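The values are calculated or read from the model by the stated rules, or taken from the named source; none is laboratory data. On a predicted model such as this, the values are computed, not experimentally measured, just so you know. Cβ placement follows ideal geometry from the backbone for every residue including glycine, while neighbour counts extend to all protein chains displayed. Surface areas here come from the heavy atoms of the whole protein model, side chains and all, with no ligands, DNA or RNA. Shrake-Rupley method; radii C 1.70, N 1.55, O 1.52, S 1.80 Å.
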Amino acid sequence: SNLFLERIEAMKDQQITASVYQHWSAVARFFRAFEYCRLVSVFGDVPYFDRVIKDNELDLMYKDRDNRTVVMDKVYDDFTYVLDNMRLTDGNVQYLNRYIAAGFISRFMLFEGTWQKYQLNNTEKSKKYLELAVKAAELVMKSGKYSFTSDFRSLFGSQDLSANKEVILYRSYDAAISPAVTHAIASYSNLYESQSTAPNLKLAKAFLCNDGNPYKLSTVANADKLDIKNMVATRDPRFEATFWDAPKKESGTLLYACKFIDREGVKLYPGPYPPIYGSNTNTNDAPVLRLAEVVLNWIEAKAELATMGGAAVTQADIDASINAIRSRPLDATAIAKGIKKTAALSLASLPDDPDRDSDVSPLLWEIRRERRMEFVFEHTRLMDIKRWKKINYMKNTDPDNMLGLWTNFQTEFPEFLVASKKGKLKVRKEDGTIVTYDGTNAAAMVGYYVPENVSNRDDFNDRVYLAPVGNTQISEYLDKGYKLTQTPGW
């Protein structure tokens with residue numbers, strides 16, 4: 001990026017016009033800022049370079065890490081320039097343009113704004129970055145180019161996303177070109193391939209009921225029954241669109257994720273599958289940036305700013321974001337199952353989940369829940385819990401992290417009541433009691449499924465919010481007579 005900027009600067013006012021210079025310098029600055037956002041999210045403090053470094057500039061080349069806030073202020077300047085100078089369109093709608101850039105800017109500035117708040121207690125910088133997140137998201141939202149006209153499953157199983165109004169940027173796959181551009185993601189959703197790392201009870205419980213309430217507050221019939229069949233019937237439509245509606249032995253928890261394949265693909269179980277659903281020859285398009293993320297970035301940034309003296313979130317804000325997402329159309333399969341859209345969120349009757357963290361307001365809790373339902377198995381969850389300083393969610397001291405859903409094995413899944421499962425099949429009762437199958441107690445095998453060979457992850461502490469620098473890199477600095485500081489805690 002710096003080399004590109006150096007060379008385009010030399011062409012300014014001579015070989016290229018001012019508008020060409022503005023756009024392409026914005027492109028270079030976007031990618032420079034994008035890379036520093038990635039580096040900062042991984043390592044925290046990193047060396048910042050805003051020009052090409054010559055081979056003999058060792059003091060600069062081997063400088064130690066710059067403070068992350070210094071780096072992110074530089075990123076902020078680049079992103080501000082991008083929003084002012086990048087073209088709104090550059091021909092092909094999938095070429096980088098101001099709307100695509102703005103969507104990513106809303107993502108990165110929300111990340112850093114909340115990191116500054118929860119990790120560094122820096123209100124000034126938090127407000128600065130969050131305000132840019134809001135500005136960037138509004139550019140996309142007010143453009144009139146994007147809308148929630150797609151059902152949820154079609155966002156991930158479609159062979160062609162070019163006409164999908166919710167998708168801002170996507171990856172296109174094609175087996176007919178040479179070399180073929182394909183993937184294997186649909187295969188891992190086809191009900192046949194195994195899912196050893198599978199969705200747990202904790203995730204399932206997070207989904208709202210279709211009356212807009214968490215299950216402990218819901219008045220929907222059977223909302224408190226946490227078996228797969230009842231959860232599909234009572235939860236937000238994204239639950240049915242994300243998971244298969246019966247226990248599957250192919251899943252480590254028996255709850256099988258089928259989000260990334262179309263409805264036709266799962267009908268072929270147990271195969272044979274045509275290339276688009278099997279092996280590594282899948283061609284369904286992959287959404288990279290969606291309107292749903294932009295509006296959820298926007299509403300979260302606004303809600304966070306409200307805690308720091310900004311304007312209060314209004315019902316109109318909620319309607320333009322969370323409720324717009326909930327108003328998505330349902331596809332024919334969901335309608336045939338009797339799936340209902342989730343009720344709109346109302347600020348006047350905001351749910352107060354009994355499981356809410358005490359240090360998170362009811363509004364922010366529901367915004368965070370909406371992200372969890374919307375982006376499950378996508379890019380965002382680990383980044384979210386890091387920026388919220390909630391990495392402890394990953395500790396399996398919460399038993400729900402190590403359980404599947406409630407299962408009556410006699411009626412729902414008798415294929416596990418066999419001799420080979422004696423001493424292996426286990427369920428956990430509501431009171432925490434573990435019952436093990438002994439070949440004679442089939443009627444007692446009712447409870448939360450305990451996945452076979454489940455074990456706790458290694459213990460960890462707060463140092464895992466950031467990654468260590470490799471010893472090879474530290475030694476390389478030492479060999480040149482310089483010091484590269486290790487990440488705190490490592």
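At 1.4 Å probe size, with the rest of the protein present, what percent of the exposed accessible area of region 396-445 is carbon and sulfur atoms? Don't jump to the answer; show the numbers that get you there.
Working: 1320 of 2620 Å².
Percent of accessible area from carbon and sulfur atoms in region 396-445: 50.
Using a 1.4 Å probe over the heavy atoms of the protein chains, calculate the carbon and sulfur portion of the accessible area of region 1-160 as a whole percent. Walk me through the numbers before you get to the answer.
Details: 3810 of 7400 Å².
Taking all protein chains in place, region 1-160 shows 51 percent carbon and sulfur surface.
Give the span of the chain's Cα atoms along each principal axis, as three whole-Å numbers ordered largest to smallest.
Principal-axis extents of the Cα atoms in the chain, largest first: 83, 55, 51 Å.
Which ³J(HN,Hα) values in Hz, rounded to whole numbers, follow from the phi angles of region 306-312 under the Karplus curve 6.51 cos²θ - 1.76 cosθ + 1.60, where θ = phi - 60° and Gly and Pro get x?
Along region 306-312, the couplings run 5, 7, 10, x, x, 5, 5 Hz.
Taking Cα centroids, how far is region 186-223 from region 368-402 in Å?
14 Å
Peptides 196-202, 472-478, 454-460, 378-384: what's the order by average Cβ count within 10 Å, highest mean first? Please report the intermediate quantities before stating the final value.
On the way: 196-202: 17.1, 472-478: 12.6, 454-460: 9.6, 378-384: 15.3.
In decreasing order of mean packing, 196-202, 472-478, 454-460, 378-384 become 196-202, 378-384, 472-478, 454-460.
For the ranges 172-178, 62-68, what's the packing order if you count other beta-carbon atoms within 10 Å of each residue, average per peptide, and put the highest first? Let's see the in-between values first.
Values: 172-178: 11.7, 62-68: 16.6.
Per-residue Cβ counts within 10 Å, averaged per peptide and sorted highest first, yield 62-68, 172-178.
Any lysines with Cα under 26 Å of the Lys54 Cα? List them, leaving off those in the same chain fewer than 8 positions away.
Qualifying lysines at Cα under 26 Å: Lys12, Lys63, Lys74, Lys480, Lys483.
Can you give the calculated 222 nm mean residue ellipticity of the chain, where each DSSP H run of n ≥ 4 adds -39,500 (n - 2.57) and the sum is split over every residue, rounded to the nearest 500 deg cm²/dmol?
Numbers: 18 runs with 187 residues, N = 490.
Helices in the chain give a 222 nm mean residue ellipticity of -11500 deg cm²/dmol.
Along its principal axes, what span do the Cα atoms of region 258-375 show, with the longest given first and each in whole Å?
Projected onto the principal axes, the Cα atoms of region 258-375 cover 58, 30, 26 Å.
Considering only the chain, what is the antiparallel percent among its DSSP beta bridges, to the nearest 5? Walk me through the intermediate numbers first.
Details: 18 of 20 bridges.
If we restrict to bridges inside the chain, about 90 percent are antiparallel.
Once the Cα atoms of region 100-208 are picked out, what are the Rg and Dmax in Å?
18.8, 52
Taking a threshold of 31 Å on the Cα-Cα distance, which of the pairs Lys135/Lys205; Lys302/Lys386; Lys395/Lys424 fall above it?
Too far apart for the 31 Å limit: Lys135/Lys205.
Only Lys, Arg, Asp and Glu count, each charged at its Cβ (+1, +1, -1, -1), so figure out the dipole size of the chain about its Cα centre, rounded to 20 debye. Spell out each step's value before the answer.
Working: 64 positive and 64 negative charges, 94 e Å.
So the dipole magnitude of the chain works out to roughly 460 debye.
Gln15 to Asp174: extension gain in nm, 0.36 nm per residue of separation minus the Cα-Cα distance?
Details: separation 159, 0.36 × 159 = 57.24 nm, distance 3.76 nm.
Contour length minus the Cα-Cα distance gives 53.5 nm.
From largest to smallest, what semi-axes in whole angstrom does region 386-438 give when each is the square root of 5 times an eigenvalue of its alpha carbon gyration tensor?
Numbers: eigenvalues 180, 25, 22 Å².
The equivalent ellipsoid of region 386-438 has semi-axes of 30, 11, 10 Å.
Could you work out how much longer the chain between Ala444 and Val181 gets when fully extended? Use 0.36 nm per residue separation minus the Cα distance between them, nm to one decimal. Write down the numbers at each step before the final one.
Numbers: separation 263, 0.36 × 263 = 94.68 nm, distance 5.00 nm.
Separation in residues times 0.36 nm, less the Cα-Cα distance, equals 89.7 nm.
Report, as a whole number in µm² per second, the diffusion coefficient that Stokes-Einstein gives for region 199-303 at 4 °C and 1.567 mPa s using the Kirkwood radius over alpha carbon pairs. Don't jump to the answer; show the numbers that get you there.
Working: Rh = 15.9 Å.
For these conditions, the coefficient is 81 µm²/s.
Taking H placed 1.01 Å from N in the peptide plane, check which residues at least 5 places from Asp66 or on another chain put their amide H under 5 Å from its amide H.
Under 5 Å from the amide H of Asp66: Val46, Tyr48.
Rounded to the nearest whole Å², what accessible area per residue is found for the chain with the 1.4 Å probe? Present the calculation step by step, with values, prior to reporting the outcome.
Working: 22320 Å² over 490 residues.
I get 46 Å² per residue for the chain.
Per 5 Å bin, what is the whole-percent P(r) computed from every C-alpha pair distance within region 282-344?
All Cα pairs considered, the percentages come to 3, 15, 18, 17, 16, 14, 8, 5, 3, 1.
How many percent of the accessible area of region 236-393 is carbon or sulfur, using a 1.4 Å probe? Each step should come with its number before you reach the end.
On the way: 3420 of 5750 Å².
Of all accessible area on region 236-393, carbon and sulfur atoms account for 59 percent.
Highest mean first, how do 82-94, 317-329 rank when packing is the count of other Cβ atoms within 10 Å averaged over residues? Write out the running numbers ahead of the final one.
Numbers: 82-94: 15.2, 317-329: 19.3.
Final packing ranking: 317-329, 82-94.
If amide H atoms are built 1.01 Å from N in the plane of the peptide, which residues on other chains or at least 5 residues away come under 5 Å of the amide H of Gln195?
Ser251, Gly252
When the Karplus curve 6.51 cos²θ - 1.76 cosθ + 1.60 is applied with θ = phi - 60°, which whole-Hz ³J(HN,Hα) does each residue of region 233-244 get, with x for Gly and Pro?
With the stated coefficients, region 233-244 comes to 6, 10, 8, 3, x, 5, 5, 5, 6, 9, 10, 5 Hz.
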